[in-house]
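Below is one structure, written out as structure tokens; the observations come after it.
The values are calculated or read from the model by the stated rules, or taken from the named source; none is laboratory data. Since the structure is predicted, the reported quantities are computational estimates derived from the model, not experimental observations. Note that we place each Cβ from the backbone using ideal geometry, even for glycine, and neighbour counts take in every protein chain shown. SASA here: full protein model, heavy atoms, side chains in, ligands and nucleic acids out. Shrake-Rupley method; radii C 1.70, N 1.55, O 1.52, S 1.80 Å.
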Amino acid sequence: MSLEKVIFGFFVLLAATLNFGFFIGDLSDPALHNVYELFAAVVVSLIATVLKFGDRTQIGAVHLATSLVADLQLIAAALVWGYSTQISSTGLDGAAMASVVSLSGGALLANLVSVVLLVIETVSFHRR
């Protein structure tokens, strides 16, 4: 067992579960989506991205690409949330919340692809 693989798998799964936890719920209801969970999803996703930098395999490149997509979408969601709560005169209304949750849904899809790649990599490792 490689400690590096355990840490990598831990952060990939944690990023996916945090993202799912934020995404679940009514799309336009701000009460169902916690800003701290979005912040945790962004931080853990960035950590998972950094952990992928050292892998020079083809599947490692796809891991990095999916993680960068997830980072981009989560950061965009956080920016929309920040704009809505701090700058916009309408505040965090249903339309703004729907945009935030939709962006996190895109990041969730990227995280799920990353988890599938992790499982495929793990299964192929046992066949060597």
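Take residue 42 and decide whether it is surrounded by 15 or more Cβ atoms within 10 Å (Cβ to Cβ) and out of contact with any strand residue (DSSP E or B) (no Cβ under 6 Å at 6 or more places or on another chain). Full working, then the answer.
On the way: surrounded by 15 or more Cβ atoms within 10 Å (Cβ to Cβ): yes; out of contact with any strand residue (DSSP E or B) (no Cβ under 6 Å at 6 or more places or on another chain): yes.
So residue 42 fits the description; yes.
I'd like to check something: does segment 70-80 contain any residue that is of a type in the set (Gly, Ala, Ser), open to solvent by 20 Å² or more (accessible area, probe 1.4 Å) and either modelled with pLDDT of 95 or more or within 16 Å of residue 115 (Cα to Cα) (or both)?
Here is the first cut: in segment 70-80, the residues of a type in the set (Gly, Ala, Ser) are 70, 76-78.
Applying the additional criterion that residues be open to solvent by 20 Å² or more (accessible area, probe 1.4 Å) yields 76, 78.
Adding the requirement that they be either modelled with pLDDT of 95 or more or within 16 Å of residue 115 (Cα to Cα) (or both) leaves 76, 78.
There is at least one residue in segment 70-80 that is of a type in the set (Gly, Ala, Ser), open to solvent by 20 Å² or more (accessible area, probe 1.4 Å) and either modelled with pLDDT of 95 or more or within 16 Å of residue 115 (Cα to Cα) (or both).
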Residue within segment 31-51 that is closer than 29 Å to residue 123 by Cα, of a type outside the set (A, V, I, L, M, F, W, C) and touching a Gly at 6+ places or on another chain (Cβ under 9 Å) present: no
Complete set of residues in segment 96-107 that are touching a helix residue (DSSP H, G or I) at 6+ places or on another chain (Cβ under 9 Å) and in contact (Cβ under 8 Å) with a residue 24 or more places away in the chain: 97, 100, 101, 102, 103, 104, 105, 106, 107
Counted residues, segment 18-36 - those being over 11 Å from the mean Cα position of the chain (by Cα) and either surrounded by 13 or more Cβ atoms within 10 Å (Cβ to Cβ) or not in a helix (DSSP H, G or I) (or both): 11
Segment 1-17, subset touching a residue at least 12 places away in the same chain (Cβ under 8 Å) and within 20 Å of residue 69 (Cβ to Cβ), residue most open to solvent (accessible area, probe 1.4 Å): 13
